[in-house]
1. Among B:P327, B:A304, B:P348, whose Cα sits farthest toward the positive end of the charge dipole of segment B:295-352 (+1 at Cβ of Lys/Arg, -1 at Cβ of Asp/Glu, about the Cα centre)?
2. Please tell me which of these pairs span more than 22 angstrom C-alpha to C-alpha: A:K4/A:K93; A:K42/A:K93; A:K5/A:K43?
3. What list do you get for B:D164, B:D130, B:D313 if you sort them by fewest beta carbons within 10 Å?
4. Can you give the translational diffusion coefficient of chain A in µm²/s, computed by Stokes-Einstein from the Kirkwood radius over Cα pairs at 4 °C and 1.567 mPa s?
5. If you project the alpha carbons of segment B:381-524 onto the principal axes, what extent comes out on each, in Å, largest first?
6. Normalized C-alpha radius of gyration of segment B:400-484, against 2.2 N^0.38 Å?
7. Give me, ordered by chain and number, the residues 5 or more places off A:N115 or on other chains with an amide H under 5 Å from its own placed amide H.
8. Using only Cα atoms, tell me the angle between helix A:89-105 and the longest principal axis of chain A; keep it within 0 to 90° and round to the nearest 10.
Amino acid sequence: MIQKKICLLGAYAVGKTSLVLRFVRSVFSESYSATVGVRIYKKEIGLAPWGIKLIVWDLAGENELVRLRTSYLRGCSGYILVVDGTRPATLEKAIDLQRRAFQTLGPVPFVLVVNKNDRRDQWSIEAFALDDLRESGWTCLRTSAKTGEGVELAFQILAEKLIDAHRAATAS
Amino acid sequence: MAEPTDKPRTADQRLIEALSPTIQHALRRSLRDERRAWSEALYPIMLPSVRMAVWAAFHEAVESLNRLVEASLSWRSWQWRLEAWRRRKSFAEVVLLRTLVYRVEQVLLIHRETGLLLHSVASKDAATKDPDIISGMLTAVQDFVRDSFNGGQESPLNELRTADLTVRIEQGPWAVIAAVVRGYPPAELHATLTAAADLVHQEMAQELREFDGDAGRFVRARSILEGCLQAAYRTPPPSSYRKLWVLAAAASVLLVVGLAMFVQQRLRWSDLAARLNAEPGIVVTGHYDSGGKHVIEGLRDPLAADPAQFMADAGIDPARAALRLRPFVSLEPALQLARAREALSPPPGVALRLEADALSVEGAAPRAWIRRLREANLAALGIRALHLASLRDLDAETLRQAMESEAIRFEPGSSRLSPQQQQRAEKLAALLVDWAKAARELGRDPRVEVVGRADRSGDAAYNLRVSEERARRVRDLLAASGLPEEIIAINAEGDAAARGADNGEDAAYRTVRIRLSGDSAPSL
Ligand SMILES: Nc1nc2c(ncn2[C@@H]2O[C@H](COP(=O)(O)OP(=O)(O)OP(=O)(O)O)[C@@H](O)[C@H]2O)c(=O)[nH]1
Ligand SMILES: [Mg+2]
């Protein structure tokens, strides 16, 4: 089984840690404790020889004081950009982070998720805001770490992309 | 796009924003003292092993040390005993803590660029943590130190330390060797690790350069890493003459109480005989003094408790006793159970219970062991019935998770299987057949639900039809591969999952997945 390092990127408190915990341990907590530095998790999906072991680096979110340590991105095969659907500025942050991740990693696969989909009453990201991104080839989906909606799918889609990229690289 | 400032914030968000600078500040302050920062970053890794290690990790070593130290009536050993009593630890644990010089518990070979684990070895019985995670954490700490302390130059970090664990790190151009050491490693360990790192780079240069996530090629590093699993213990130092007067004083006190103890001894023998007799599998037929020893006669099932332990518990010197217990086979339930346990050697996580000749097996076991259990000659053990309702098949559970996370994919509007997806489905089918067979062997009622889905590119009726065709296609393949047809059901979900999503046209919705049930025990 091959293993790949992936990262979660996004503004602070968008739900990066919550998404990983939902994915890896099927749990969710309402209480917030900011990630300091980085925490690492792992999960295997699928069956060998198609299966893959994901080593997930959950990075501290960016705010005015903490900036992303691009050194944590080294050797990363793909990433998930996380946006909080109730805070429009987190989408801009995600786009900015993607640009910087691209500078460090080049064109590796990634997926953008708009999280907290269970709070549609407080939703403030316009539906069309993602259309431009989709047109330029981004994969965007909605998730909720709270209900679990879309979480598995997001990681699975990224995993499939990683496997495709891996095959393409070994074939050449 | 709107800034968050022009919409009202929730109390949570305000709190989060207020706290963030504090957290940053705390982090920065902790960096002033490098060592503290490192050990904080490593704390989550180390803590569980620190807690568990003392008596779980080294009991082989403790065993021999214990005998050695108990035999010598040194002042130190009494100090240790006192300490053990005060700290509510066993004497052996304290001895271990005081005599261990160092032991390499785990050696990891880590790919430098990605922080992925290439291979790892651990010393026997060491309480180690998941090496994949340690590997990542160590790499993260290195990255962090590199950024924070020397402006992006090569890392100088070659040692991390907590209260009693040290991590020695040896950097190579492509890979890093890390040794997790309990106690204080000697300087020579550094040379061993350097040599190991050199060797790995020499022997596996090409594999290291080409590493793309497949760690399978690095099993060859095993023997090199095992060479780093070293340990040393210190024997307790000789007792100090200055403390001899204490021993002399103790001796005279012993003399005074000697007489009282003699009387007590007589009572102890009777008590011991009674307690042995009450023990399942031991029958005492008589006890008397003979030739300066106390003779205890009777019968003992070889699987019954060890009488020596009873003597130790009663504070009786085994040299003063002569046990004449002839072997016999006891039919008491406790002995019957012990015999079953010995014959079946249940894996950890499995409990055996015996009630009226019926054996209940509970917990989770690997499939191979369950098969052996089914084939065992239980009648020979005096067992008439076997209850497996609370036994879970570990392999089936792992397999089940993996199978449920598989998806067979289709081209838009098509229910045809591409050669690659066909192969994928066949592999899944083979595993399902196996899974269903194992579940039936345990008397369960396995069910396979084949769930077809479509993206939302057509209208709802069309999508429903496509999803059903897909599910049928896979169902037929499963049945043709030998999965009993009566346990398969199909479920066409159409575009239900895709409809609510932004990316409803995505390939992720053109799938067939399976849902499994009926393999676990009915909950009581
Ligand atoms: N309602 C709802 N709350 C969520 C969801 N995901 C996360 N949260 C909450 O949002 C808060 C922040 O979540 P975290 O997962 O810690 O956020 P993070 O992105 O890891 O934050 P940093 O580590 O600071 O970067 C917590 O209070 C979570 O309970 C979600 O899907 N729905
Ligand atoms: Mg976090």
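1. Working it through, the farthest residue towards the positive pole turns out to be B:P327.
2. Values: A:K4/A:K93 25 Å; A:K42/A:K93 26 Å; A:K5/A:K43 11 Å.
Exceeds cut-off: A:K4/A:K93; A:K42/A:K93.
3. Ordered from fewest to most neighbouring Cβ atoms within 10 Å, B:D164, B:D130, B:D313 come out as B:D313, B:D130, B:D164.
4. On the way: Rh = 16.2 Å.
Stokes-Einstein gives a translational diffusion coefficient of 80 µm²/s.
5. Dimensions of segment B:381-524 along the principal axes of its Cα atoms: 66, 32, 23 Å.
6. On the way: Rg = 14.0 Å, N = 85, 2.2 N^0.38 = 11.9 Å.
Relative to the 2.2 N^0.38 Å estimate, segment B:400-484 comes out at 1.18.
7. Hits under the 5 Å cutoff: A:V83, A:D84, A:G85, A:T143.
8. Around 20 degrees separate the two axes.
Since every read-out is calculated from the coordinates, none of them should be taken as a lab result. As the structure is a computational prediction, the values presented were derived from the model and not from experiment. With ideal geometry, Cβ positions are generated from the backbone for all residues, glycine too; neighbour counts draw on all protein chains shown.
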